[in-house]
Amino acid sequence: MAASMIGSKVERKEDKKFLTGKGRYTADITLANQTFAYFIRSPHARAKIKNIDTSKAKKASGVIDVLTAKELNEDKIGGLIAGWKIVSKDGTDMKIPPHPALASDSVNYVGDHVALVVAETLQQARDAAELVKVDYKVLKAVVNTGDAMNSESIHDGIDKNLSFDWELGDKAKTDEAFASADKIVKMTLTNNRLVPNAMEPRASIGDFNPSSEELTLYTTSQNPHLSRLVMSAFNAIHPEHKFRIVAPDVGGGFGSKIYPYAEDVVVAWAAKRLQRPVKWVCERTDSFLSDCHGRDHITNCELAIKNDGTVTGLKVDTIANLGGYASLFATVTPTYLYGPLVLGLYNIASAYCNVKAVYTNTAPVDAYRGAGRPEATYMIERLMDKAAKEMGMDRAEFRKKNFIRQFPHQQCLVHNIDSGDYEAHFNRALELSDYSNFEKRKAESAAKGKLRGIGFSTYIEACGIAPSAAVMSLGAGVGLWESAEIRFNATGNISVMTGTHSHGQSHDTTFAQIVADKLGVPMENIDLVHGDTDKGPFGMGTYGSRSLAVGGTAIAKACDKIVEKGKKVAAHMLEANPDEIEFKDGEFIVPNSNKKKTIGEIAFACYLPGTYGEIKSPLPEGVEPGLKETAFYDPVNFSFPAGSHVCEVEVDPTTGETKVDTYTCVDDFGNLINPMIVEGQIHGGLAQGIGQALYENAYYDETGQLVTASYMDYTMPRADNFPEFRIDYTCTPATSNPLGVKGCGEAGAIASPPAVMNAVIDAIGTEVSMPATSEKVWKALKDKSDTKKKAA
Amino acid sequence: MKAFNFHEVKSVKEATKLASNKSTFLAGGMTLIPSMKMRLSSFSDVIDIKEIKELYGIKVKGKSVIIGANTKHADVAASKEVRKAVHSLAGLAEGIGDPQVRNCGTLGGSISNNDPTACYPSACIALDATIHTSSRKVEAEKFFTGMFETSLKKGELVTAVEFQIPEKSCYIKFPNPASRYAMVGVYIAKFKKEVRCAVTGAQSVVYRCKEIEKALNNNFSESALDSVSLKSSNLNSDIHASAEYRASLIVSCAQKAVAGSK
Ligand SMILES: Cc1cc2nc3c(=O)[nH]c(=O)nc-3n(C[C@H](O)[C@H](O)[C@H](O)COP(=O)(O)OP(=O)(O)OC[C@H]3O[C@@H](n4cnc5c(N)ncnc54)[C@H](O)[C@@H]3O)c2cc1C
């Protein structure tokens, strides 16, 4: 045990169950007497509901009930909420339309939840659903982000479909920078809409116990404690102390499972109302339609530049699509998770960012891997690339010239960045990607009739969400601290309770490594408990790369408390002074003696005083029995991971096919607990980011039908779309948490879209928008050559 | 999925006897089952034909290769006889879907379903195949009649496909990036008498591209196609590819097919 577990590539504890098919997901749970639920969803993007006739369906074989807004209202179940208040620049609060858990008089996107059929079998529920008659008055849908403000209002009282018109930064100072600029570079960018596509579709099972009056909801959540809070406090389904939420194994979330959905609310309520377990499992098509989507911005941006290449000002003007309603984190994603990050890792003295958030008849848009930060990074990195080209400067040199060099660095917008060394990872990325020989490779490609391009991207994120004082001053409904409990059992093994949730992040392993390291207990004797509101302390869940920086720190602090107490007990047993006891590798030692106790012996003695070894007496005076400690941690600041990525693509000009030939990333995540797990997180993030750049697009037609509602039309990237990734790290430890960690969960998805797009544009020599599908690249090349021909 | 009666049959006769207006045959189930699960189709009776032994097998006989309807894509891809006789046919099978689809999906299922973006129909047309059914033999060009439509009558079962062995041939698929079915698939087969070029994915049903055939009959070389420019007005257009793009892809796939012919 002497070797430190922190920093070592320990195999994942969770692999055994997942790789042998023994994961236990919500859909795997079967309760006695359970019923099956099927949601009737709107086939229209925008319509008024004139009438819902459930009479036939209610009489169908096996049907227990058909529930609609009427029954929801009878039981006074509240609607869904938006959790972060944004104030517009004119001082007015954001405008939030009602979002009932079952549509009462209107529907606002295809897939909007209208009614629930509960039957003895799923088959019967689906058959009966076909008998429910919903009388719709179809209205013209508002679909496009760019058109929303010029279209008819879809929600009563929300003029121009505008939820808020928010600003950040010093406008006057920024205007001055532009007035005195030598060169101004502008561009318009679209950040495409994405479907999160967790491998496991959403599911929930409600179970009411009429004896104890407890309501249990098993659900696919990244954040069970917060779900319980929201569902008891706002939806008023059941009081919190009688409400248990269990998120067992969850097969990926990427943000889309942070918040409680209408389906969770309705299923939990239905189980209570019908007094029988109700099980609902989302089908893939419904998941495309009704999971919150990600991104969907249109941005105009411009840079003010001096002749020597110094960037002095940045203006960003974004329209962000919220979809049909404002989901829980929908309003913070395009504002505080986006605006403060638009500066990238550049030292820009002035900036102004304006974001208008609009409603459209599309699925709600909320946090998706990176949440705001990929949009910010895409904007600044595409703009920096274009600026370098227009300035006639090398794109790498232009970036380096503008890097922040001294830390801590107070940015002109919000963040105070504690640590970093941007040139270190950038230079390493240039080296690892063999930038100096790029021209040679380009010539080789040309000889094969292919076009080769290289693209750079650097990024910074604000992770470790979030210091409560900071986020509450920015409008958050709650602070985002984290909790942990270390519970020794008498026989010396440990249950670690965390308020975070693991759904692919490998917390079972990473957190156990921290505990193993801190307490000197073997990994196999440490069990992580999460995802059950009845088992662990309240916590804020997993997203925003916060679990390790915030939750991991809480665990480390609870371990310290265990050691403190252990020292007192050991001193008593060893007849020494607590102050002189040293703790190392799982042993309490009296220095310069052979007197020592293992932590296991101490645990046993704490639970069974008087029965073990020398300690025939009770515990030392003032020490309570048991060995269990709780810690809460609220960080002093965000953590700021950063990095540099380099992508090389090869394009076949005859078909427009674009292949990512090499991909290099050098990231500074601060200290790494398990580099293998970090690498896995990078791979996943890159897959999603490269997916956004080249393949993925949630496409609604003009009537608001989602055309890409299955894998036949929504292009998920596959393993053969990627090269071997070249991965390396630099390290400047975070100063905002004692582990010195910064977070790595989103970096790949944040950094890669601009790296890929800058490479594609470099290869073809003309603009193209995301996703750069083969057709779009072919068309861009064709238009370029047609224009040339015309000019000639 | 809606409830149905399930029958497992052992012979072609038994299968056709059970068939009715409300029945369907189940082969690999790769297309049928998802469509039933999504309630796009439903049947009173599902007749599982997988146990019909006579529908399996690969035979090379003189100038043709005969492949039983139940033969899986993976078996065609792995067959040394097929690879030797018509290299491109094994290559086509190898490029269908993923391992799971190839280990379940069948030749008979593929051509009976006649998806406009499926690969096998192009092989049938380019290799001048004859479709053997439970009641007759049909030329491929008369078999594929429209989108998801064939000349099969209700209860008629495909038993085998007889492909003619060309001098050389090649199939090039430009996959739809999402489904990886053919966005455009071009099958070129050079026979002693003629060059045949079948195109899938570009119209509602597989067809022969006369412009390409004409150019290649004169001169079987890539450069013969340099000057071919196809009109796009009769081609499919969707979110993945406009008709204009498809027209260009057909020519570039055809050039790659000529270059890759063996
Ligand atoms: C993920 C995925 C990817 C795919 N990619 C491709 C691809 O790239 N290229 C491609 O060509 N195909 C592709 N396919 C389709 C695949 O080739 C299927 O195998 C094929 O469409 C149907 O074959 P099956 O044996 O599964 O038939 P089934 O699904 O069992 O049946 C399909 C239809 O044919 C009928 N039928 C089956 N056998 C007979 C018979 N002997 N006589 C009469 N009627 C019959 C059935 O009644 C049914 O109507 C893909 C499928 C999937 C699921």
message: Any residue at all in the stretch B:36-45 that's within 12 Å of the ligand (Cβ to nearest atom), crowded, with 18+ Cβ neighbours inside 10 Å and within 21 Å of B:LEU157 (Cα to Cα)?
response: yes
message: Can you find, within the stretch A:636-660, the residue that is farthest from A:VAL342 (Cα to Cα) among those that are within 14 Å of chain B (Cβ to nearest Cβ) and in contact with a Pro (Cβ under 9 Å, 6 or more places away or on another chain)?
response: A:LYS659
Every residue from the stretch B:73-102 that is more than 14 Å from chain A (Cβ to nearest Cβ), farther than 24 Å from B:ALA202 by Cβ and within 10 Å of the ligand (Cβ to nearest atom): none
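Just to be sure before I move on: is B:ILE131 outside any helix (DSSP H, G or I), more than 8 Å from the ligand (Cβ to nearest atom) and either within 14 Å of chain A (Cβ to nearest Cβ) or closer than 12 Å to B:PHE163 by Cα (or both) in the structure I sent?
Working: outside any helix (DSSP H, G or I): yes; more than 8 Å from the ligand (Cβ to nearest atom): yes; either within 14 Å of chain A (Cβ to nearest Cβ) or closer than 12 Å to B:PHE163 by Cα (or both): yes.
Here the answer is yes, as B:ILE131 does meet what is asked.
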- request: Go through the residues of the stretch B:200-216 one by one and say whether even a single one is within 14 Å of chain A (Cβ to nearest Cβ), within 16 Å of the ligand (Cβ to nearest atom) and among the polar types (S, T, N, Q).
  value: no
Boolean, A:LEU19 is surrounded by fewer than 22 Cβ atoms within 10 Å (Cβ to Cβ) and within 25 Å of the chain's Cα centre (by Cα): yes
field: Selection status of B:LYS173, touching a residue at least 60 places away in the same chain (Cβ under 8 Å) and farther than 30 Å from A:ASN721 by Cβ
entry: no
- prompt: Residues of the stretch B:151-184 being within 8 Å of the ligand (Cβ to nearest atom), among the small types (Gly, Ala, Ser) and buried (at least 20 other Cβ atoms within 10 Å of the Cβ), which ones?
  reply: B:ALA182
- line: Going through the stretch B:198-230 in order, the residues found to be within 14 Å of B:ALA247 (Cβ to Cβ), surrounded by 14 or more Cβ atoms within 10 Å (Cβ to Cβ) and not aliphatic (A, V, I, L, M) are B:GLY201, B:GLN203, B:TYR207, B:CYS209, B:GLU211
query: Which residues, counting only those in the stretch A:396-427, are buried (at least 20 other Cβ atoms within 10 Å of the Cβ) and assigned to a helix (DSSP H, G or I)?
result: A:PHE398, A:ARG399, A:ASN402, A:TYR422, A:HIS425, A:PHE426
task: For residues that are hydroxyl-bearing (Ser, Thr, Tyr) and either more than 20 Å from A:VAL529 (Cβ to Cβ) or in a helix (DSSP H, G or I) (or both), tally how many sit in the stretch A:542-581.
output: 3
Filtered residue count, the stretch A:284-308, keeping only those that are surrounded by fewer than 19 Cβ atoms within 10 Å (Cβ to Cβ) and not in a strand (DSSP E or B): 5
- prompt: Got at least one residue in the stretch B:139-150 being small (Gly, Ala, Ser) and more than 8 Å from the ligand (Cβ to nearest atom)?
  reply: yes
- line: Within the stretch B:103-128, residues being among the hydrophobic types (A, V, I, L, M, F, W, C) and within 11 Å of the ligand (Cβ to nearest atom) number 6
task: Identify all residues within the stretch A:677-697 that are of a type in the set (A, V, I, L, M, F, W, C) and more than 11 Å from chain B (Cβ to nearest Cβ); write none if there are none.
output: A:ILE677, A:VAL678, A:ILE682, A:LEU686, A:ALA687, A:ILE690, A:ALA693
statement: Note on A:ASP762: of the conditions (1) part of a helix (DSSP H, G or I); (2) within 14 Å of chain B (Cβ to nearest Cβ); (3) modelled with pLDDT of 95 or more, unmet is (2)
query: Being crowded, with 20+ Cβ neighbours inside 10 Å and not hydrophobic (A, V, I, L, M, F, W, C), is that true of even one residue in the stretch A:776-786?
result: no
- prompt: In the stretch B:226-254, which residue that is over 14 Å from A:LYS782 (Cβ atoms) and in contact with a strand residue (DSSP E or B) (Cβ under 7 Å, 6 or more places away or on another chain) is nearest to the other protein chains (Cβ to nearest Cβ)?
  reply: B:HIS240
query: Looking only at the stretch A:39-76, which residues are of a type in the set (Ser, Thr, Tyr) and either assigned by TED's automatic domain parsing to the domain that holds A:ALA709 or farther than 24 Å from A:ALA268 by Cα (or both)?
result: none
task: Search the stretch B:87-105 for residues that are on the phi > 0 side of the Ramachandran plot and in the same structural domain as B:PRO34 (by TED's automatic domain parsing) and pair each with any residue that is hydrophobic (A, V, I, L, M, F, W, C) and within 7 Å of the ligand (Cβ to nearest atom) when their beta-carbon atoms are under 7 Å apart and the residues are at least 6 apart or on different chains.
output: none
message: For the stretch A:705-712, check the following and say yes or no: at least one residue is within 14 Å of another protein chain (Cβ to nearest Cβ), free of Cβ contacts under 8 Å to residues at least 24 places away in the same chain and within 25 Å of B:LEU249 (Cα to Cα).
response: yes
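Out of the stretch B:149-191, which residues are among the aromatic types (Phe, Trp, Tyr), within 14 Å of chain A (Cβ to nearest Cβ) and not in a strand (DSSP E or B)?
Applying the first criterion (among the aromatic types (Phe, Trp, Tyr)) to the stretch B:149-191 yields B:163, B:171, B:174, B:181, B:187, B:191.
Add one more test, that the residue is within 14 Å of chain A (Cβ to nearest Cβ), and what stays is B:174, B:181.
B:TYR181, the sole residue that qualifies.
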task: With the checklist (1) in contact (Cβ under 8 Å) with a residue 12 or more places away in the chain; (2) more than 21 Å from A:SER42 (Cα to Cα) in hand, flag the one item A:ALA179 doesn't pass.
output: (1)
query: Is one or more of the residues making up the stretch A:729-744 out of contact with any helix residue (DSSP H, G or I) (no Cβ under 6 Å at 6 or more places or on another chain), part of a strand (DSSP E or B) and surrounded by fewer than 24 Cβ atoms within 10 Å (Cβ to Cβ)?
result: yes
query: Does any residue in the stretch B:20-48 that is touching a residue at least 12 places away in the same chain (Cβ under 8 Å) and within 14 Å of chain A (Cβ to nearest Cβ) come within less than 9 Å, Cβ to Cβ, of a residue that is among the β-branched types (Val, Ile, Thr) and more than 7 Å from the ligand (Cβ to nearest atom) six or more places away or on a different chain, and which pairs are these?
result: B:MET36/B:VAL46
message: For the stretch B:22-72, give me the residue count where each residue is on the phi > 0 side of the Ramachandran plot and assigned by TED's automatic domain parsing to the domain that holds B:THR159.
response: 2
field: Residues (in contact (Cβ under 8 Å) with a residue 12 or more places away in the chain, of a type in the set (Ser, Thr, Tyr) and over 27 Å from A:GLY689 (Cα atoms)) located in the stretch A:182-211
entry: A:SER204
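Please list, ordered by residue number, the strands (runs of 3 or more DSSP E) wholly in the stretch A:30-106 having 3 or more residues that are within 33 Å of the chain's Cα centre (by Cα) and surrounded by 13 or more Cβ atoms within 10 Å (Cβ to Cβ). Quick ask: steps written out before the conclusion?
On the way: elements: A:35-41, A:47-53, A:63-67.
Once the strands (runs of 3 or more DSSP E) in the stretch A:30-106 are filtered for at least 3 residues that are within 33 Å of the chain's Cα centre (by Cα) and surrounded by 13 or more Cβ atoms within 10 Å (Cβ to Cβ), what remains is A:35-41.
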- prompt: Which ranges mark the strands (runs of 3 or more DSSP E) fully within the stretch A:205-283 that have 3 or more residues being closer than 21 Å to A:THR542 by Cβ?
  reply: A:214-219, A:243-246
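The values are calculated or read from the model by the stated rules, or taken from the named source; none is laboratory data. Values in this document were obtained by computation on a predicted structure and should not be read as measured data. Heads up, the Cβs are rebuilt from the backbone with ideal geometry, glycines too, and the neighbour counts pull from every protein chain shown.
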